Structures are given as structure tokens and as C-alpha cells.
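Data first, discussion second: the structure below is written as C-alpha cells.
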Amino acid sequence: MSVRLPARRWPRSRLSWLSSDRGRDSLFGLALFTPALVVFLVFAARPVAETIVTSFSRKDLTQPELGTPFVGLGNYAQLLSLSTFWPTVINSVVLAASSAVAQIVLGFGVALLLNQAFRFRMLVRASVLLPWAMPTVVAAFVFRWLFDASFGPINAILEGLGLVSQPIAWLGSPSTALLTVITVHIWKGIPFVILVFLAALQTLSKELHDAAQVDGAGYWQELRHVTLPQLRYIIAIALILRFIWTFNWFDLTYLLTGGGPGDSTMTLPIQVYITAFRTFQLGLSSAYATMIALVLMTMTVTFLWLVTREKYQ
Amino acid sequence: MNARVGARTVLATAIFFVAIMPVYQMILISFLPQRAILGSPLVPNLGDLTLQNYLRTFSNGVISPTIYLNSAIVGLVTMVIGTSISVLAGYSLTRYHFFGSRLADRFILLAYVVPPILLVVPIYVTMVNWHLEDTLLSLVLSYTILTIPFGIWLLRGFFRDIPIDLDEAARVDGASRVEVLLRIVLPISLPGLAAVAVFVFMESWNEFLFASVLISSKANQTFPIGLYSVAGTYGDIRWGETMAAATIGAVPVFVLFLIFQRWLVAGLTSGAVKG
């Protein structure tokens, strides 16, 4: 919506080289957007383009004498033939999907609770938001401590309660590592979801809820037929955002396990990092990265299409 | 009704303890000597509490206080640049039409389908070409691109809530387009600005991937890299010293967050939810 005013009220603007007020609005708008656009072009669009180009060539920093010959889809073919490729994709999807779903379900519950009155509500609210403020590297080390096989308090608690007979190497054994990593992701990412839902609950239509109560709806009925339908769109957005962020998030998993033990918590971003900065196969790592972006984009667009289709039906 | 309130309190207490446990353990371990730590304490013996981890972390030269300073510099500079760019772009998208503006408005968040790991190699190469490798400026530039899509998205929703009549009335009264933004729109958007500023600062303070790739010298390490290297310096992690260094890095962000959390909620309410 542009601010449109009769040009004659603005004599000094006639000096402008673009005579219509509308044109100057557009120019002004574009000028305001320019810094973002420049940053985007230089630090996002160009890197993306470079990565895509590199993904079609052999670029190996350990063999610079070979140059960067064009190899077509060679890197992609090599990638798909790696025995680690599909397990890594599956790990990433499982990690992102289960974290996102758990965050939405638990986050919604916590937000509902925090939306009601009880003693120390502000204290509880501050505490559940705290994980978001905790630096990732700190969270990783604290959870490595909590889940430590020999001295970790979690094993101590479980043993004290008699739930386990011997300490579990939570992050150190392939059977429990991914589950443990997911748990930490849920803890770290849930505040964002709670914040969004708390904010969304403020915007609910009071009339609808009054009407439901007049009609004698119980708490669960009201939740299911009045609250949830109003929040459908925001739930979908929160879900897709958490999925994307978790899927693309290198730091937390890398700092917790480095992708191990074995490859049991290997994710696509960690694989890209290792391929680029440990084995220096830039062509292959670029193909990896491009693939992630493609997969994510397809999933996101499909999901958004499904959601918006329902919204406008 | 009383039973329901009671159940609510019990549930809230349980949630409180789960949420707070890692923070509590971090602070607790940072004040305990090694022998007490190995007993995986939940409640400390008050006589054990000591400052030796804090003293030792810095005195043995493994961790340098400059990591906190570097992180603060990067965080504050990125906060100013990132918030400014987000304000200008977000305001532009809600008030003006130009080529591509509608597209940008609708798909801004899709920027996040691009994984940061995809950007890190070409950005590293760019920084080397510009002779900016191993500088704090390279981090500021990287974090700006990582944070502005969300910043623009949030503020865009915020500005859209402000009636356009307000802008028009100010224009009629003789204010320029710039004055409308600076004098009318920004003052009522402070919660949104604060939300974005805190978001940008925290993301910059916490970021590990770009810092690990772009920074090579100890003098330019930021807090996440410094902490990572202190814990990795020893064969086994020295929990006490690691937690002391971690606590020093985490507390400032906690304080900042607790001060601004009200505004964050307000910012998200108008920015994200109604958008």
C-alpha cells in the first residue's frame, strides 16, 4: 500500500527527476530495500550460485594440479553411490521431523498451561524460554555432562530410582545416541514454539470462546473445536520452520557427537562439513549441499501448498 | 476447580524443573571441585563450593577473556547492522510497491531452506579474496545474512499492524517519507525492534559454524570457539573449568533475555502470528 498524495501539495518534489508521486514512492521503497538486497545478492545468491556451479565440477583441494574440470552430474552420481548417503538422509529427516513434531505437541501443551493463571506463572514462563537463550555450545557441553556415561546425573537419577541396573552410555552407543540428540534438540528448540503459541493464543477470538461456553462446551471440546481450528495455520508454519531449522542445523549435533558413534547421528550438514573441511572434496561437498537445499525446498513448497490450499478452500 | 488448579501447579513445577535442570547443573558444577563433581551431585554439599574453577580457567591461559569481548563486539555490531537493514526492508515491504516487492514479501522466510552449510564454503572463499579471513568483520557480515530474513519477516508483520492512515496524516502535515519512518513508525515499533535486536545479538553470540571456519587465530576467537577449544584441550573434559567458562558466556545472554522476554513475546505477537 503506497502513500499517495496529490503532487501539487508537494512543490519541492517537482524538482525530482521522477515526476509522479507513485514513481517516487517506488523508488523510495526500493532504496529502503537496497541494503537487504545487496547483502542478499553478495552473501546468499552468489554463494548459492557458486556452490551449484562447483557441484558440477571436480574440485579437490588436496590435488590442486588437476584444476576444476567439469564433470556434469559426476559428483551427484558418486554421492548416491556412497553407502553412507541414505542412512545420513534418513538420520536427518528423522531428527528434524521428530524434533519438530515433539516441539509442536509439547510446546502447545506448555503454552496452554502458561496461558492460564497460577502462582509463579512468570517464573515458569521465563524458565521454559531459557533454553533458547543458552548458547548452543554451552547446551551441548551441559548435555554431554548430564548424559555422561560415568558421572552424568541422568544415569545417577535413573539408577537411584531403580530404572536401570547399570549406567547407559547415552551419547556413546549407536542405539541411544540419535534419541539422545533428538531429546536435546527438543529442549533447545521448544522455546521458540512456546513463544509463538503464547503469542497466537492472545489473538484468539473471544466471541467464539464465549459462544462455545454458552453452548456448554467442556474444556477439551472447546480446545478441539474452537482453539485448534483457529491455530491451524500458525501450527503449520511453526512445524515447517522448526523442521527446516533443525534439518539445516549443523552446530548442536556436531558439538554433541560429531556425527558418531559410527555414523549413528550423522546428519547432512555434518557430512557436508566433513567433506569440505576434512577431506577437502569441494565438488562433492557442494553437490551434497545443493542436494539438501533441493530436498528441503521440495518438501517445504509441497507442505506450504498443502497448507494454503486448505486455508483457501 | 481446586483440583484443576492443583494439577496445573504440579505440572508447572515439573516443567520448571526439566527446563531449569541443565542451567542449574551448569552453574552448580562450575562451583565444585573435581572430587565433588565425580559424585554426580544433584544437591551440593555447601562446604564444597569453591571459586577455583573460575580462577584456574583464566590463569592457565587455556581460555582468554578476549573471547567474551570478541563475541560482544560481533554481537553488538551485527545487532546494529542487522536490525537497521531489517527495519528498512521490512518497512519498505509493507508500505511501498516496486519490482519484486510482492515476491519478496511472500517468500522471505523461504530463505531458510538454504542451509548455512551451503553458504559457508563460498563465503569463506570470498573473505579470503577480500583479505577478511580471520577478522571479526567477516563474522559480522556472515551473521547479517543469517539473521535478516527472520528480522525482516518479523518486522514486516509488525509494521503492517500500524495503520497506514498514520503515515498519510504525517505526510499531509509536511513530514518527509524518512521522517514518517523515523518519527512516527519506529517509536511505536519498539517492541518489534527489541525482539529483532535481541534475536540478532543472541544468534551472533551463539554461532559456531561460521566462526569455526572463518576464524583461525586465538586472538579473534569468539566465545563458542573458545569454549569448544577449552573443552577439547584436555583428553577428558575438565567439567569444572568447562562449566565455569560456559557460565560466564551464558549468563549475559540469560540476563538480556530475561529483561527483554516480554518484548519478544509482544514482537512475535504482532510480527509472526498475525502475519
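At-a-glance table
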{"item": "Leading residue by the ranking (farthest from B:Pro116 (Cα to Cα)) among those in the stretch A:42-73 that are among the basic types (Lys, Arg) and modelled with pLDDT under 85", "result": "A:Arg58"}
{"item": "Flag for A:Thr136 being within 30 Å of B:Ser212 (Cβ to Cβ) and more than 9 Å from chain B (Cβ to nearest Cβ)", "result": "no"}
{"item": "Flag for A:Phe85 being among the aromatic types (Phe, Trp, Tyr), on the phi < 0 side of the Ramachandran plot, more than 8 Å from chain B (Cβ to nearest Cβ) and surrounded by 12 or more Cβ atoms within 10 Å (Cβ to Cβ)", "result": "yes"}
{"item": "In the stretch B:112-138, residue farthest from the other protein chains (Cβ to nearest Cβ) [restricted to those that are farther than 30 Å from A:Ala238 by Cβ and of a type in the set (Ser, Thr, Tyr)]", "result": "B:Thr135"}
{"item": "Failed criterion for A:Tyr219 (all others in (1) buried (at least 22 other Cβ atoms within 10 Å of the Cβ); (2) more than 19 Å from the chain's Cα centre (by Cα); (3) without any contact (Cβ under 8 Å) to a residue 60 or more places away in the chain hold)", "result": "(1)"}
{"item": "Residue in the stretch B:44-81 that is nearest to the other protein chains (Cβ to nearest Cβ), counting only those that are part of a loop (DSSP other than H, G, I, E, B) and either modelled with pLDDT of 80 or more or crowded, with 21+ Cβ neighbours inside 10 Å (or both)", "result": "B:Ile63"}
{"item": "Condition met for A:Ala293 (surrounded by 22 or more Cβ atoms within 10 Å (Cβ to Cβ) and facing chain B (nearest Cβ under 10 Å))", "result": "no"}
{"item": "B:Ala12 being surrounded by 15 or more Cβ atoms within 10 Å (Cβ to Cβ) and under 30 Å from B:Leu190 (Cβ atoms)", "result": "no"}
{"item": "Only one of B:Leu93, B:Leu109 that is in contact (Cβ under 8 Å) with a residue 24 or more places away in the chain, under 28 Å from A:Phe247 (Cα atoms) and assigned by TED's automatic domain parsing to the domain that holds B:Ala246", "result": "B:Leu109"}
{"item": "Output for the stretch B:157-215, where each listed residue is touching a Pro at 6+ places or on another chain (Cβ under 9 Å), more than 21 Å from B:Ala104 (Cβ to Cβ) and assigned to a helix (DSSP H, G or I)", "result": "B:Met202, B:Trp205, B:Asn206, B:Leu209, B:Phe210, B:Ala211, B:Ser212"}
{"item": "A:Leu195 being surrounded by 13 or more Cβ atoms within 10 Å (Cβ to Cβ), among the hydrophobic types (A, V, I, L, M, F, W, C) and under 27 Å from A:Phe303 (Cα atoms)", "result": "yes"}
{"item": "Scope the stretch A:140-175; condition part of a helix (DSSP H, G or I), among the small types (Gly, Ala, Ser) and more than 7 Å from chain B (Cβ to nearest Cβ); matching residues", "result": "A:Ala140, A:Gly160, A:Ser175"}
{"item": "Leading residue by the ranking (nearest to B:Gly249 (Cα to Cα)) among those in the stretch B:28-43 that are more than 10 Å from every other protein chain (Cβ to nearest Cβ) and of a type outside the set (Gly, Ala, Ser)", "result": "B:Phe31"}
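The values are calculated or read from the model by the stated rules, or taken from the named source; none is laboratory data. If you're wondering where the values come from, they're calculated on a predicted model, not measured in any experiment. Don't worry about glycine lacking a Cβ; one is built from the backbone with ideal geometry, like all the others, and counts go over all protein chains shown.
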